[in-house]
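Each reported figure results from applying straightforward, stated rules to the coordinates on display, with no laboratory input. Note that the structure is a prediction, hence the values are computed from the model and not measured. Note that each Cβ is placed from the backbone with ideal geometry, even for glycine, and that neighbours are counted across all protein chains shown.
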Amino acid sequence: MLEKLTVQEEEALLAVYASGEGSVKSFLEHLKEAVPYTTLASTIKNLEKKGYLSSKAVGNTYWYKPTLNEEEFKKQYMNSVVKNYFDNSYKELVNFFVEQKKLSPAELKEIIDMIENGHS
């Protein structure tokens, strides 16, 4: 299990996934909110230290790519959320969304159908 990410690190990693791989400059284009180049560069270095990115020198810049694909990241992230905030219960997670009125009865039925049919 990789180290937990800050909100800033999560946003940077999502920008990396949107880019596929690249330089800090290419990731800037995929951020939801503008941040200074130096801030993003520092965040990218932190992601590398935590094991989420690998890098190689290309000329006078660094080229970064994710160490796990986006699907693996989402799985790990959601497992962590469920463990840390919902007492390791996906039922509690779904119940939270129902109570917050984020899931309609029709959506809940669709989820049940997906589970019963064994696919997403």
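Values as computed for the structure displayed
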| item | result |
| --- | --- |
| Farthest positive-ward along the chain dipole, Cα basis, beta-carbon charges - from Val58, Leu40, Val94 | Val58 |
| Coarse-grained scattering of region 1-63 at q = 0.16, 0.29 Å⁻¹, given as base-10 log I(q)/I(0) from a Debye sum over alpha-carbon atoms | -0.45, -1.47 |
| Reachable lysines from Lys49, criterion Cα separation under 16 angstrom, eight or more residues apart if same chain | Lys4, Lys65 |
| Diffusion coefficient, µm² s⁻¹, Stokes-Einstein with Kirkwood Rh over alpha-carbon pairs of region 77-120 at 10 °C and 1.306 mPa s | 142 µm²/s |
| Tilt relative to the chain, helix 105-117 - C-alpha long axis, 0 to 90 degrees, to 10 | 80 degrees |
| Full-extension gain in nm, Thr61 to Glu10, via 0.36 nm per residue minus C-alpha separation | 16.1 nm |
| Packing-based order for 33-43, 13-23, using average beta carbon neighbours within 10 Å, highest first | 13-23, 33-43 |
| When the convex hull of its Cα atoms is projected in every direction, mean area for the chain (nm²) | 9.2 nm² |
| Folded to 0 to 90 degrees: helix 7-19 orientation relative to the chain principal axis, Cα | 80 degrees |
| About the Cα centre, charge dipole magnitude for the chain (Lys/Arg +1, Asp/Glu -1 at Cβ), debye | 420 debye |
| Neighbour count of at most 10 Cβ within 10 Å plus DSSP loop: longest trypsin sites (Lys or Arg not before Pro)-free window in the chain | 33-100 |
